[in-house]
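Undergrad: Right, I'll just put the structure down here and ask away after.
Read-outs: derived from the displayed coordinates by stated rules, not from any lab. Everything numeric here is computed off the predicted structure, so don't read it as measured data. Cβ atoms come from the backbone with ideal geometry, glycine included; neighbour counts cover every protein chain shown.
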Amino acid sequence: MRGLTKAFAANQVLRSVDLDVKEGEFLTLFGPNGAGKTTMVRILAGLSRPTGGKVLVRGYDLRDELSEVRRLIGVLTHQTFLYDELTAEENLRFFGRMYDVPNLAERTDYLLGLVGLEHARRQRVRTFSRGMQQRLAIARTIIHEPSVLLLDEPDTGLDVQAAEMLSDLLRGPEAHKRTVVMTTHNFRRGFDMCDRAVIMVKGRIVFEGVKECMDVVSLEDAYRRHARIRV
């Protein structure tokens with residue numbers, strides 16, 4: 001990102017943000033409500049257009065090559081992007097066809113087992129609990145094996161077992177193949193999973209730290225210190 005800005009009328013949500021995320025890196029974004037974290041993720045996902053600045057994802061310009069970028073990314077947010085009247089299996093097959101996923105039937109079976117929804121594969125999503133919907137949304141996010149994951153408060157609605165499953169997935173044996181940008185208010189989980197932490201306040205990056213050079217206590221101290229400043 002270079003000079004990334006986003007304004008809604010007179011409200012400046014992102015203020016000339018510069019940020020690099022290395023291939024295979026896990027970056028966690030912390031910040032109070034209104035800091036601009038979700039707006040940044042929505043822009044990276046192609047769900048919102050920036051007011052100004054430039055974003056490249058693996059060399060593709062987000063503004064001019066959005067279709068190419070979308071094939072590279074998986075997005076998990078508060079919205080599940082699932083179709084209520086389709087079954088769990090039908091949802092995954094629908095999204096799999098969008099991405100031309102090979103061996104889609106086998107991939108669907110594997111993911112339903114991975115997220116613990118094999119037993120509910122033929123149930124309509126509208127009958128699912130919030131936690132079940134979020135589990136299926138995780139499967140939707142990775143159906144096409146994206147190389148970039150964008151996660152906005154991914155623990156929302158998950159029970160402890162499902163949250164651990166997501167953590168194992170994100171930091172498993174193939175984690176180095178994915179680049180991850182995640183927002184969270186959970187300092188312990190966010191710190192444990194990341195390679196680098198960034199704190200945002202009022203649309204600006206006010207702190208960056210590499211995990212190996214700090215601990216969760218120093219990160220929380222930095223958050224308390226910077227979240228009170230006026231920018």
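Undergrad: At 222 nm, what value in deg cm²/dmol follows for the chain if DSSP H runs of at least 4 each add -39500 (n - 2.57) and the sum is divided by all its residues, to the nearest 500?
TA: Roughly -10000 deg cm²/dmol at 222 nm, from the helical runs in the chain.
Undergrad: Same structure, new question: When the chain is fully extended, how far beyond the present Cα-Cα distance does residue 110 get from residue 86, taking 0.36 nm per residue of separation?
TA: 6.8 nm
Undergrad: Taking 0.36 nm per intervening residue step and subtracting the Cα-Cα distance, what contour gain separates residue 171 from residue 10 on full extension?
TA: 54.0 nm
Undergrad: Got a sec to turn the phi values of the range 44-61 into Karplus ³J(HN,Hα) couplings, 6.51 cos²θ - 1.76 cosθ + 1.60 with θ = phi - 60°, whole Hz, x for Gly and Pro?
TA: These are the phi-based 3J(HN,Hα) values: 4, 7, x, 8, 8, 8, x, 6, x, x, 9, 10, 10, 10, 6, x, 8, 6 Hz.
Undergrad: Please report the Cα spread of the range 1-108 along all three principal axes, rounded to whole Å, starting with the longest.
TA: 45, 30, 25
Undergrad: Kindly put 196, 122 in sequence by how many other C-beta atoms sit within 10 Å of each C-beta, fewest to most.
TA: Placing the least packed residue first, the sequence is 122, 196.
Undergrad: Starting from the Cα gyration tensor of the chain, multiply each eigenvalue by 5, take the square root, and state the resulting semi-axes largest first in whole Å.
TA: Taking √(5λ) for each eigenvalue gives 30, 20, 16 Å, largest first.
Undergrad: Would you work out the Kirkwood radius for the range 84-144? I mean one over the mean of 1/r across all pairs of different Cα atoms, in Å.
TA: After inverting the mean inverse Cα-Cα distance, the result is 11.1 Å.
Undergrad: What is the helix-to-structure angle for 88-98, meaning the angle in degrees between its Cα long axis and the longest Cα principal axis of the chain, kept from 0 to 90 and rounded to the nearest 10?
TA: Tilt of helix 88-98: around 70 degrees.
Undergrad: Take 109, 155, 221 and order them by how many other Cβ atoms sit within 10 Å, fewest up front.
TA: By the 10 Å Cβ count, ascending: 221, 109, 155.
Undergrad: Related question: Within 11 Å, Cβ to Cβ, of residue 200, how many net charges do the neighbouring residues add up to if Lys/Arg are +1 and Asp/Glu are -1?
TA: In short, +3.
Undergrad: What FRET efficiency do you get for residue 63 and residue 187 if R0 is 45 Å and r is their Cβ-Cβ distance, rounded to the nearest 0.05?
TA: Step by step, r from the Cβ atoms, then E = 0.85.
Undergrad: If I fit a long axis through the Cα atoms of helix 130-142 and take the longest principal axis of the Cα atoms of the chain, what angle between them do I get, 0 to 90°, rounded to 10?
TA: In the chain, helix 130-142 runs at an angle near 90 degrees to the longest axis.
Undergrad: Would you kindly state how much longer the chain becomes between residue 228 and residue 20 on full extension, computed as 0.36 nm times their sequence separation minus their alpha carbon distance, in nm to one decimal?
TA: 72.4 nm
Undergrad: Could you go through the range 6-22 in sequence order and give the Karplus-derived ³J(HN,Hα) for each residue, using 6.51 cos²θ - 1.76 cosθ + 1.60 with θ = phi - 60°, rounded to whole Hz, and x for Gly and Pro?
TA: 8, 10, 10, 6, 8, 8, 8, 8, 10, 10, 6, 7, 10, 7, 10, 10, 6
Undergrad: Can you give the FRET efficiency for residue 210 and residue 54, using 1/(1 + (r/R0)^6), R0 = 30 Å, r = Cβ-Cβ distance, to the nearest 0.05?
TA: After rounding, the FRET efficiency stands at 0.75.
Undergrad: Additional query: Under 5 Å between amide H atoms, partner at least 5 residues away or on a different chain: which partners does residue 207 have, H built in plane at 1.01 Å?
TA: It is 199, by chain and number.
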